[in-house]
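This report concerns only the one structure given below.
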Amino acid sequence: MAEPLYPTYHDSRKHFLKHFDAHSRQMGLEATTPATLKAWTKRARALLIELLGLGRMEPAAPKARKTESVDCGDHIREHWLIQTQQDVIMPFYVLSPKGGQGRLPAVICPHGHGGGGKAAVAGVRAAPEVSRAIADYNYDYGVQFARAGFRAFCPDARGFGERQEKEVRGGVTSSSCHHLQVMGSPLGIPVAGMWVFDLQRLADHILARKDVLPDQLGCAGLSGGGLQTLYFSAIDPRVTCAVNSGYFYGVRDSLLEMPGNCACNIVPRLWENFDMGDLGALIAPRPLLIETGDKDSLNGARGVKNVREQLAITRKAYQLRKAGDRLKHDIFSGQHRWNGVEAIPWMKQWLS
C-alpha cells in the first residue's frame, strides 16, 4: 500500500468550534419577564429580518392564475402560479378535500430535499424517485392535511421542482440550493431569505382568497420544509399554528460539526446571534409542535438531547407568555421522516 501523500492534516474545525463557543447567541433569549420578552422579540425579529435580507427584495403583483385541476379521488389538486418578485414565479398545488366547499382553514406545506419539490408533499407520484421518497419519508403530508379537512397549499421553493436552476435540471429530486446561495448571499440575500419572502407572498395570496378562513393560517414542513416553517413562522405573525418536523436542533452539533449539510442552512451571521431555540421563541405564544425522530441522524452525535436543549430555550418564552400548553414536543421512534400522528390533530385543535 502506498504511503499517504500527507500523513498529517491541519484542518480548521477546532478553531471554528472554539470561535462558536466564544461568540455565538449574542442576541439569544435572556428575558425573565413578559415585558423583557416583548422587547427582545421586537429586536430579535428585526435583526432576523435583516439577516435574511427580506428588506432587499421587492414584492411584485402576484398575477395569480390556475393552470390545471385534477380529481384525485378523495381530494382535488389544482396547479397555480403566482409572481413573488419581478420575473420570479412560484408554482404551487392547492389540495382541497372532496366536497370541501366554502371557507376552510389553510395550511402551507413547504417541502424539504429529495422529493421533487412540491411533488412528494402533494402526492404526485409520476416519477419513481418521488414515489420512493413518499414511501421512505411519509412525505405526502399535504395530502394528509387535505384528507383531514384543510385546504393545503404545497409550493415549490426556489431551486426545486419547477424552479430548478438550469445547472441541475434532469434530476427530478435535485436542488439548486448551492447555486442560489452563490448568486444571492453576496447580495445580502441567503437562500433561506428567498424562501421566507416567497412564503410571505403566498400567504398574501391565500389570505385574500374567498375559500379559506381569515386569520387561520397553518404552516407545516419536514426537514428543509421545517427550516422554512421555522423562519417563516418566526418572522410572520400571520402564521397562527406551526408544525416543524425534523428541523429543530442546536446548530453546533447538527450544522457546524456536520458541515456537509446543504448550503441552504447557512445565513451569514445567524449563529453569532441566534440558535434554533431562539427562533422558536419568536413564534410564542402561537401554537408550535416539534416532531423529532429519536434516531434522526440530523440531531447530531448527542441525539435527542441536542433537540431538548433548544426546546428549553423556546419553552422559556412560552412560559413567560403563559402559553405552555401551546408548545408540544412529539418524539417518535424512527429516522428522519414526517410522523404526523400528533401533528394533524394539533393543527385541528388550533385552527378552526
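Among the residues of the range 193-210 satisfying the criterion of being assigned to a helix (DSSP H, G or I) and aliphatic (A, V, I, L, M), which is surrounded by the fewest Cβ atoms within 10 Å (Cβ to Cβ)?
Let us first name the residues in the range 193-210 that are assigned to a helix (DSSP H, G or I), namely 193-207.
So of that shortlist, the ones also aliphatic (A, V, I, L, M) come out as 194, 196, 199, 202-203, 206-207.
On the way: 194: 25, 196: 26, 199: 28, 202: 23, 203: 19, 206: 20, 207: 15.
So the residue we want is 207.
Starting from the range 230-259, take each residue that is in contact (Cβ under 8 Å) with a residue 60 or more places away in the chain and polar (S, T, N, Q) and list its partners that are part of a helix (DSSP H, G or I) and crowded, with 24+ Cβ neighbours inside 10 Å, counting only C-beta distances under 6 angstrom and pairs at least six apart or across chains. From residues that are in contact (Cβ under 8 Å) with a residue 60 or more places away in the chain and polar (S, T, N, Q), the pairs are 245/226. Could you check, for the range 325-340, whether at least one of its residues is under 24 Å from residue 199 (Cα atoms) and without any contact (Cβ under 8 Å) to a residue 12 or more places away in the chain? No.
Those residues that are closer than 28 Å to residue 136 by Cα and touching a Cys at 6+ places or on another chain (Cβ under 7 Å), I need them from the range 315-352; list them, please. Give the steps one after another, and end with the answer.
Keep residues of the range 315-352 that are closer than 28 Å to residue 136 by Cα, which gives 327-349.
Of everything in the range 315-352, just one residue is closer than 28 Å to residue 136 by Cα and touching a Cys at 6+ places or on another chain (Cβ under 7 Å), namely 347.
Look at the range 176-192: where a residue is part of a helix (DSSP H, G or I) and a partner is acidic (Asp, Glu), sitting 6+ places away or on another chain with Cβ atoms under 8 Å, you get 179/165; 179/167; 180/165.
For the range 56-86, give me each residue that is among the β-branched types (Val, Ile, Thr) and more than 23 Å from the chain's Cα centre (by Cα).
Those that are among the β-branched types (Val, Ile, Thr) and more than 23 Å from the chain's Cα centre (by Cα): 67, 70, 76.
A single entry from 284, 317 fulfils the requirement of being in a loop (DSSP other than H, G, I, E, B), under 26 Å from residue 31 (Cα atoms) and not β-branched (Val, Ile, Thr): 284. Collect the residues in the range 209-232 that are under 17 Å from residue 150 (Cβ atoms), among the small types (Gly, Ala, Ser) and out of contact with any Leu (no Cβ under 7 Å at 6 or more places or on another chain), keeping them in residue-number order. Once the filter is applied, which keeps residues that are under 17 Å from residue 150 (Cβ atoms), among the small types (Gly, Ala, Ser) and out of contact with any Leu (no Cβ under 7 Å at 6 or more places or on another chain), the range 209-232 yields 220, 221, 225.
Criterion applied to 157, 119, 135 was being surrounded by fewer than 17 Cβ atoms within 10 Å (Cβ to Cβ), of a type in the set (A, V, I, L, M, F, W, C) and modelled with pLDDT of 95 or more, and the one residue passing it is 135.
Against the conditions (1) assigned to a helix (DSSP H, G or I); (2) over 28 Å from residue 217 (Cβ atoms), residue 162 satisfies every one except (2).
The values are calculated or read from the model by the stated rules, or taken from the named source; none is laboratory data. Please read these numbers as outputs of a predicted model, since none were measured by experiment. Cβ atoms come from the backbone with ideal geometry, glycine included; neighbour counts cover every protein chain shown.
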